[in-house]
Amino acid sequence: FIDEFTALPNRPDLIFIDCALDRSQPTLSALAAADNVILVVSPEPRSITGAYALVKQLALDFGQQNVHLLASKIRDDADAAAVYSNMLDASRRSLRATADYIAAIALDDAIKRANRLGTTVLEAFPAAPSSERFRDLARALVAWPIAAAEHGRLEAFVDRLIMMADLATTGLHA
């Protein structure tokens, strides 16, 4: 895993790690080491409950007080607002953590068709509304400030990843 990052010919400004919405040690270590955590949450109660449990564990065990929410599989803006409101209310009330809403992606027919074709919606259907939302999200993410690190961002992430994994396996918390 780490060797693959360091072997990249160009150092990335952003690294996306697609983690399952679980609270396993590898997932928690990766999330705790990250400069920014984006949780993809859908309107289903199971998704909101799972995301809240993850935010709670990150806040209590690792001191991660801020996450960003990406609402997915929504029908409309009201769905997105409900997802955000539920997460924000729960995290503020019991954790004193914050959750920033960054975007919403509707589950449209283009996404379903692209999945069946085994490709991304951006490649298969670039004019679809969901493709435009993904492009908007990408433009917003590359504009985020990048944390400075003394010996490089990638190396700093890897250092934090190793430290968080060590903390998790020893039972200590940040």
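The values are calculated or read from the model by the stated rules, or taken from the named source; none is laboratory data. Just so we're clear, the structure is a prediction, and the values are computed from it rather than from any experiment. Heads up, the Cβs are rebuilt from the backbone with ideal geometry, glycines too, and the neighbour counts pull from every protein chain shown. The area values use the complete protein model at the heavy-atom level, side chains included, leaving out ligands, DNA and RNA. Shrake-Rupley method; radii C 1.70, N 1.55, O 1.52, S 1.80 Å.
Worth pointing out:
- Note on TRP144 and THR120: the extension gain reaches 6.3 nm, defined as 0.36 nm multiplied by sequence separation minus the Cα-Cα distance.
- Between ALA78 and ARG113, the distance separating the two model label sites (each 7 Å from Cα on the Cα→Cβ line) works out to 2.8 nm.
- The residues ILE102, ILE74, sorted by heavy-atom accessible surface at 1.4 Å with ligands and nucleic acids left out, run ILE102, ILE74 from largest to smallest.
- Probe 1.4 Å - accessible area at TYR52, Å² to nearest ten: 50 Å²
- Of GLU44, GLU123, the residue with the largest accessible area leads and the full order is GLU123, GLU44 (1.4 Å probe).
- Working from the Cα coordinates of the range 25-133, the gyration tensor eigenvalues give, after taking √(5λ), semi-axes of 28, 16, 11 Å in decreasing order.
- For the set PHE62, PHE134, PHE125, the ranking by accessible area, highest first and with no ligand, DNA or RNA atoms included, is PHE134, PHE125, PHE62 under a 1.4 Å probe.
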